[in-house]
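Working notes, beginning with the structure itself.
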Amino acid sequence: MRLASNYLPFAAMAVLLTLTSSAFSAETQPAKSPIGKVIPDFTLADFRGKEQSLSEIGKDKLVVVAFLGTECPLAKLYAPRLVALNKKFADQGVAFIAVNANSQDSITEIAAYARLHKIDFPMLKDAGNKVADQMSAVRTPEVFVLDKDRTVRYWGRVDDQYGVGYQRDKPERNDLELALQELLAGKAVSTPVTAAVGCHIGRVKQPNENSEVTYSNQIARILQNRCVECHREGDIAPFALTDYDEVVGWSEMIAEVVDEQRMPPWHANPKHGEFKNDRALTQEEKDQIFAWVKNGAPEGDKTQLPPAREFVTGWELPREPDLVVNMREEPYRVPATGTVEYKYFTVDPGFKEDKWVSAFQAAPGNRAVVHHILIMTREPGQRRVGMGGGALGFLAAYVPGLRAEPFPKGMAKKIPAGSEIVFQMHYTPIGTEQFDMSSLGMIFADPESVTHEVRTHSAVTNEFLIPPGASNHQVEADTSKSSFASQLLNMMPHMHLRGKSFRYEVRYPDGKTETLLDVPHYDFNWQTSYRLVNHKELPAGTTIHCVGAFDNSKQNLNNPDPTQSVAWGDQTWDEMFIGYFDVAFPVESGKEMPFPHPKRNRGPTPESIMAKLDANQDEKIEVSEVPLLLRGRFNKIDTDGDKMITIEELREAFKRGRRDKDDE
């Protein structure tokens, strides 16, 4: 098998949080706890071929046995933490051992994993998963702490930063470290068992050769149709699912995430809309997967394998792009820490004539730090970037979970002659200095073949304030009425970490309404473009209405801080509410914008001012919370004279300001 990548890309948060919520999934444990169990001595070879025994390694007072895998994303994340803990406790009588029991991980890959993560303690290969069975290990990463008598005193996770469906900015409880401190102090472990969250250990299987369902006759086809788009070498998924030796090691993990409906990722309510990129498995496909795993994941007759799917190396496009535009001449340096404000890089592609583009792909150069890319244009004569800085539309985009796909036949986006291409880059530092050179790939269309122009529009609002602790705060946004008829091609909702649900509705000129898309459980890590099988005709006078909800409560474990009010902002700890959608209209019409851009407040909003100044989070602004330079305006805004400014008074002040401006 082959590593899909040597690092954990930020984009793979799409697969990472589905890691903590899918590829990792449930926090299952064996029926019987190993706490109090004495572990017999064992001898395993390390990746260099040297045999090492528990009794020899574990002459120290305590031994940490960590089960790891080379491709499980959490095992990648926790390797450096285990190295740090080993260094911290090395002179206190604690020894660390790593054990790899995955059938799909080769010695070469284990060696590469150890080198990459600078693991300086023994890393052993548990061929046949005998030690994993002996210790009742289930997942990677999963740790056991043995005392001097080799009795299990702690069993579970390293810390609680990652869990089913969430990730915190930092751990709230460092379980392994606390257990070691307590044992070294002669105390009992206060929490001896925690739920290990991670990937299933890829145990050796005993296949039933009489199974009707095999990898060759059914499972390979399901994976090709539903999974390998991402689970292939060089793409965003943390491991490939393109050959039997790889897949069999992940078989139990596959069955688990399918059973829990976490993979393949698809979040649309099936009651509304039919989408051509629907990844959801049919019940028949699910039953075949379950039967295959139950029967030991047999390979079957290799002659029944389907032809391998072909992909363009390095691209999701159907072929090599006609033009690749880099965001700048030299890579951009991303600092190790801190907040990086949006970066804008402008490139002149040298277009002397209008260009029609049938397929785009915004390609991150360094997925480890690129959070998103929005590509916009600045047309000749424009002083500012068009499309509202990306909130009102874009040329192309890269966000977690979004896949590039050509426009339907005869449809394309237009880049006017002389236009500049603008890259809006959002970077997230990862603790080490990084460099990025992102790019835009384009496939051009013959102008004579283009019958319809495609435009990206949006229903958007930045006028909201989510109160602290609110579990279902509703926000709505509308487009302006369409000025002429068009066809709706797709929809892509956008929120941040507190996003809970999102729904698109169409309001026709005759007063009728229809639900186009319902996403009852929005997932920031899978920002899917829902592409309609049958394009929806939108007559002139149509409005797109979006309604969604935010969860700012502590029950939302992705929530950065449930005690804060939250307003519109660029960073992931802020929020956004944008309902993007693509429409197409005949080129021959000579028209350009079916949904005119609404007047959108580009500056501060009442909600953002409240979130910024309300220091005590009581949803009122007191005089003491206002900067000295602004206190002269306090009484003008505080219309009821109670020495408090409410959100309603702020909104009224904004309305008065707009009226005064209109009267000028």
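Set the Förster radius R0 to 45 Å, insert the Cβ-Cβ distance between LYS271 and GLU619 as r into 1/(1 + (r/R0)^6), and round the FRET efficiency to 0.05.
Values: r = 36 Å, r/R0 = 0.81.
Computed FRET efficiency for LYS271 and GLU619: 0.80.
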Full extension from THR515 to ARG656: what is 0.36 nm times the residue separation minus their Cα-Cα distance, to one decimal in nm?
-> 47.2 nm
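Rounded to the nearest 500, what is the 222 nm mean residue ellipticity of the chain from helices alone, with -39500 (n - 2.57) per DSSP H run of 4+ residues and division by all residues? All intermediate terms of the calculation are to be shown ahead of the outcome.
On the way: 13 runs with 116 residues, N = 664.
One gets -5000 deg cm²/dmol as the mean residue ellipticity at 222 nm.
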Centroid-to-centroid separation of region 107-133 and region 227-281 [C-alpha atoms, Å] = 27
Rounded to the nearest 0.05, what FRET efficiency do LYS61 and ASP243 give with R0 = 51 Å and r taken as the Cβ-Cβ distance? Could you check?
-> 0.70
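Per-residue counts of other Cβ atoms within 10 Å, averaged by peptide: what ranking do you get for 606-613, 307-314, highest first? It would help to have the intermediate numbers written out before the result.
On the way: 606-613: 20.2, 307-314: 10.8.
Packing order, densest peptide first, comes out as 606-613, 307-314.
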Residue-span extension gain [GLN571 to LYS409] - 0.36 nm each, minus C-alpha spacing = 54.7 nm
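How much of the accessible area of the chain, in percent, comes from carbon and sulfur atoms when a 1.4 Å probe is used? Could the numbers behind the result be given before it?
Numbers: 14040 of 29280 Å².
Accessible surface attributable to carbon and sulfur in the chain totals 48 percent.
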Dipole magnitude of the chain about its Cα centre (Cβ charges: Lys, Arg +1; Asp, Glu -1), debye to nearest 20 = 620
FRET efficiency, 1/(1 + (r/R0)^6) with R0 30 Å, evaluated for LYS32 and LEU184 via beta carbons | 0.65
Which of LYS352/LYS413; LYS37/LYS61; LYS88/LYS125; LYS481/LYS591; LYS76/LYS343 exceed 20 Å between C-alpha atoms? The answer is LYS88/LYS125; LYS76/LYS343
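Where does each of 442-450, 543-551 land if you order them by average Cβ count within 10 Å, highest first?
Numbers: 442-450: 15.9, 543-551: 22.0.
Peptide ranking by packing, descending: 543-551, 442-450.
Given the peptides 180-192, 240-252, 582-594, arrange them by the average over their residues of other C-beta atoms within 10 Å, most packed first. Let's see the in-between values first.
Numbers: 180-192: 14.0, 240-252: 20.9, 582-594: 16.6.
Result, highest mean first: 240-252, 582-594, 180-192.
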Which whole-Hz couplings ³J(HN,Hα) result when phi for each residue of region 481-493 is put into the Karplus expression 6.51 cos²θ - 1.76 cosθ + 1.60, θ = phi - 60°, listed in order with x for Gly and Pro?
-> 5, 5, 8, 7, 6, 7, 10, 7, 9, 7, 9, 9, x
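Would you mind counting up the charge near PRO73? Only other residues with Cβ under 13 Å from its Cβ, with Lys and Arg at +1 and Asp and Glu at -1.
+2
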For region 33-85 and region 448-526, what is the separation of their C-alpha centers, rounded to whole Å?
-> 50
Provide the gained length on full extension for the span THR337 to LYS591, in nm with one decimal, where the gain is 0.36 nm per separating residue minus the Cα-Cα distance.
-> 86.8 nm
Counting only heavy atoms of the protein chains, get the accessible area per residue of the chain (1.4 Å probe) and round it to a whole Å² value.
-> 44
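The values are calculated or read from the model by the stated rules, or taken from the named source; none is laboratory data. None of the values given here were measured: they were computed from a predicted structure. Note that we place each Cβ from the backbone using ideal geometry, even for glycine, and neighbour counts take in every protein chain shown. Accessible surface areas use protein heavy atoms only, side chains included; no ligands, DNA or RNA. Shrake-Rupley method; radii C 1.70, N 1.55, O 1.52, S 1.80 Å.
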